[in-house]
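The values are calculated or read from the model by the stated rules, or taken from the named source; none is laboratory data. Quantities reported herein were computed from a predicted structural model and do not represent experimental measurements. In this analysis, Cβ positions are derived from the backbone assuming ideal geometry, glycine residues included, and neighbour counts consider all displayed protein chains. Note: areas computed on protein heavy atoms with side chains; ligands, DNA, RNA excluded. Shrake-Rupley method; radii C 1.70, N 1.55, O 1.52, S 1.80 Å.
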Amino acid sequence: MLSGQLTAEPVPGRPRFLVLGLLAITDGRETVVLTPSRPASLLATLLLHPGSVVSTGFLQRVVWGNSPPAGGKSALHTCVLRLRRLFARYGVAGHAIEAVPGGYRLHADVDTLDLLHFRGLLARSYAEDDPETALRLARAALGLWKEPLLGNVHSDELHRDQVPRLAEERLLAVERVFDGELRLGRHRELIAEAREAVEIHPGHEGLSALLIEAMYRSGRRGEALAEYRRIHTHLAGELGVEPGPALRRLQLAVLRGDPSGGPPALPPAGTPPAADGRPPADPGGSVATASGARVLRSLVDAGLLQEGPADRYRVHDLLRLFVKAAGTTLAASAPHDPTDLHPSAVG
């Protein structure tokens, strides 16, 4: 595989595949959008797995669905031959698609495939220390995307499994851009763009959190809390789940009126959560400790506890009445003040 430089634009005169929009081939001056066809579905699948071997079985499902022809491998080979003839027409080397045991592989690099160019720009954005440069790289990566995503590729298999994963990569770039704008203090300018993204992806917690933070930093606390209520209602109604820990911490910061200056309160955009969506466990803690922390957080979110300094909590009268009715007192857990509860008392 050739290694290319991460340029903002395609190298003029050099053939380049495009998958971050309609499937197309460009030489930097002219772009040819491929018509929907079986070879186009085959090409799109290979381009979404650059440099990797894609099995003949999977390619057959992409091209023909659940009803491949009797001579599936031969028919697939015919599609490859048609692609190579297409490549010759636009100056792409015929050996770009390689037949290997078990399947086919397409060779590409950052100069010949926009997907790899995008990934390279985004990786550079994460590695960049200068916030202005990091934001510029993230916006350049995001600028490579067009709509509709692979709209000229007619394959149920591809659009069910592969295209959603590709779209998730775009959302990482969107989060990175919004995070960069916040870090540069451009929270007011960000609100309209973030609101539009949230309207398109109403259940995306990361985008909603960035919008909440932009609103809060702009002095629009009521709107920030309203957005939290909206995402909470959406997640509960559509998925039956609560917002994640990062979003709940952000809501608590808004409720407490924490200072809104400095870097974003959220982790850097694109930071993967734990596999189960819970906060990272204390390496030296016990299951009971982790469970107690989750109980405390739920009580704070419900307004039954108020978080104070040194990991201590003020108990709401309603909670004290409930505990009393259950035949328990809080005195044993908090010997200095019956309304002052330490996390060790829970779990």
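Miscellaneous remarks
- Overall form of the range 141-229 per C-alpha gyration tensor (a/c, 1.5; a/b vs b/c): prolate
- Packing here is the average count of other Cβ atoms within 10 Å per residue, and on that basis the peptides 187-199, 68-80, 170-182, highest first, run 170-182, 187-199, 68-80.
- If the chain linking Arg165 and Arg186 were pulled fully straight, counting 0.36 nm for each residue of separation and taking away their Cα-Cα distance, it would gain 4.6 nm.
- Per the Debye calculation on the range 110-175 with a single equal scatterer at every Cα and no solvent contribution, log₁₀ I(q)/I(0) for q = 0.13, 0.14, 0.15, 0.29 Å⁻¹ amounts to -0.40, -0.45, -0.51, -1.27.
- Per-pair calculated FRET efficiency, R0 = 51 Å: His95 and Arg256 via Cβ, rounded to 0.05: 0.25
- Theoretical FRET efficiency, 1/(1+(r/R0)^6), r = Cβ-Cβ of Ala75 and Leu239, R0 30 Å, to 0.05: 0.15
- Accessible surface of the range 14-163, 1.4 Å probe, proportion on carbon and sulfur as whole %: 52 percent
- Globularity index of the range 97-253 is 1.22 (Cα radius of gyration / 2.2 N^0.38 Å, N = number of residues).
- With each label modelled as a point 7 angstrom along the Cα→C-beta vector, the Glu147-Glu30 pair spans 3.0 nm.
- Close amide H partners of Val110, meaning residues 5 or more places away or on another chain with modelled amide H under 5 Å apart, are Gly4.
- Relative contact order of the range 75-232, taken over Cα pairs closer than 8 Å and 6 or more residues apart, is 12 percent.
- Simple label model, 7 Å out from Cα along Cβ direction - Ala88 to Asp109, nm: 2.5 nm
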